[in-house]
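The values are calculated or read from the model by the stated rules, or taken from the named source; none is laboratory data. Because the structure is a prediction, the values reported are computed rather than measured. Cβ sites come from the backbone with ideal geometry, for glycine too, and all protein chains shown count toward neighbours. Calculation scope for accessible area: heavy atoms of the full protein, side chains included, ligands and nucleic acids excluded. Shrake-Rupley method; radii C 1.70, N 1.55, O 1.52, S 1.80 Å.
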Amino acid sequence: MADVSKTEKAKLYVPDLEELRAVLQTGLKDNFAEVKVSVVECPDLTKDPFNFPVRGLCGNPRVTDVGGVPYLVPVVQKHKEYDMNAISKELELPGAFILGAGAVSSRIVGMNAELIPLVLTEADGRPAVNSSYFSSINPLDGQCLQESYSEKFSDCNFGLLGNLYACEGRPGKVIEVRAEKRTGDQSIVTALRKTLEVQYPDQSLALGGTFIIQRGKAKIHIMPREFSACPLNSDEEVNSWLKHFEVKAPLICQSVLVSKDPGLDLRVEHTHCFSHHGEGGHYYIDTTPDSVEYLGYFVPAEFIYRIDRPKDTHAVRRD
Ligand code: ZN
């Protein structure tokens, strides 16, 4: 377990949901031909295609940036390992439901892989429910291999870095985003983030949630099973180490985004996706702008927690 004793916490700006709805409706129009943003009751996320271990995204919403890319590159620091149950306590929300984007513990999984965390952490008298997926490079054919985490492992650990949204998993009001036909060059996550950045230049806002790419294809990457033997010192070197794929809808994406770093050395957006057809990994953007359809549910977080912030930092791969 890495040192989480120096966790930093910052309050985030949380606009009224109706105000946020209007802001996103206007902003996303710059990037998508069809946009409809609404305030709705969160759909039951225990149902298809989500199959989450909780019903909703509400109740004390918060985000965290754990570890960071500096623990992966230029040279991996394999001892950097975290436990979702301990993270939930660090977030002052023991028993929280946690989703987002991270890396597996290479010590436990025996290789490096993308983690798509979906964890209901343990609480008094209730064990954790780990519905996460992990995605690696299949050594047989070099293709994407997505697996259910709990079918192989019984822990709730992860390694190196994680960008996570935590809440009580309750039903409640959320922001529903429908967007079709991408006309700009931003991913839906970047478009949401930039909209908030422009509208609230002096505030830090964060959104967490889930969205489905209902039609089209997307570009993803998966980290190789082996960490790089030589140091990776630039975006270009990291990019050529990563394996890139084009994967097809429907993809269920878990996302955390922060409009403005309040001085915590954050990764300002990070999204991992899974599917029910065996494809999953780190989402960049759809590759089919004319036919793409997005449907997402997001909640503004009240706090951000910076856990085990790297002392030696750099700007490689921050979004
Ligand atoms: Zn990632």
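Over 30 Å from His314 (Cβ atoms) and surrounded by fewer than 20 Cβ atoms within 10 Å (Cβ to Cβ), is that true of Pro127? When the stated conditions are applied, Pro127 passes them.
Look through region 289-319, keep the residues that are in a loop (DSSP other than H, G, I, E, B) and of a type in the set (A, V, I, L, M), and return whichever of them is most open to solvent (accessible area, probe 1.4 Å). Steps first, answer last, please.
Of all residues in region 289-319, those in a loop (DSSP other than H, G, I, E, B) come to 289-292, 301-302, 308-319.
Right, trim to of a type in the set (A, V, I, L, M) and you get 292, 301, 315-316.
Details: Val292: 1, Ala301: 0, Ala315: 81, Val316: 20 Å².
Among those residues, the one meeting the criterion is Ala315.
Screening Arg55 on (1) among the charged types (D, E, K, R); (2) touching a strand residue (DSSP E or B) at 6+ places or on another chain (Cβ under 6 Å); (3) touching a residue at least 40 places away in the same chain (Cβ under 8 Å) shows it passes everything except condition (2). Within region 276-288, being of a type in the set (Ser, Thr, Tyr), surrounded by fewer than 23 Cβ atoms within 10 Å (Cβ to Cβ) and either away from the ligand (no atom under 11 Å from the Cβ) or under 11 Å from the mean Cα position of the chain (by Cα) (or both) holds for Thr287, Thr288. Any residue in region 138-155 that is free of Cβ contacts under 8 Å to residues at least 60 places away in the same chain, touching a strand residue (DSSP E or B) at 6+ places or on another chain (Cβ under 7 Å), assigned to a loop (DSSP other than H, G, I, E, B) and away from the ligand (no atom under 16 Å from the Cβ)? Within region 138-155 (the criterion being free of Cβ contacts under 8 Å to residues at least 60 places away in the same chain, touching a strand residue (DSSP E or B) at 6+ places or on another chain (Cβ under 7 Å), assigned to a loop (DSSP other than H, G, I, E, B) and away from the ligand (no atom under 16 Å from the Cβ)), the answer is yes, since at least one residue qualifies.
Are there strands (runs of 3 or more DSSP E) fully within region 78-134 with at least 1 residues that are away from the ligand (no atom under 16 Å from the Cβ)? List them.
The qualifying strands (runs of 3 or more DSSP E) are 81-83, 97-103, 118-120.
Scanning region 217-241 for residues that are open to solvent by less than 80 Å² (accessible area, probe 1.4 Å) and polar (S, T, N, Q) yields Ser228, Ser234, Asn239.
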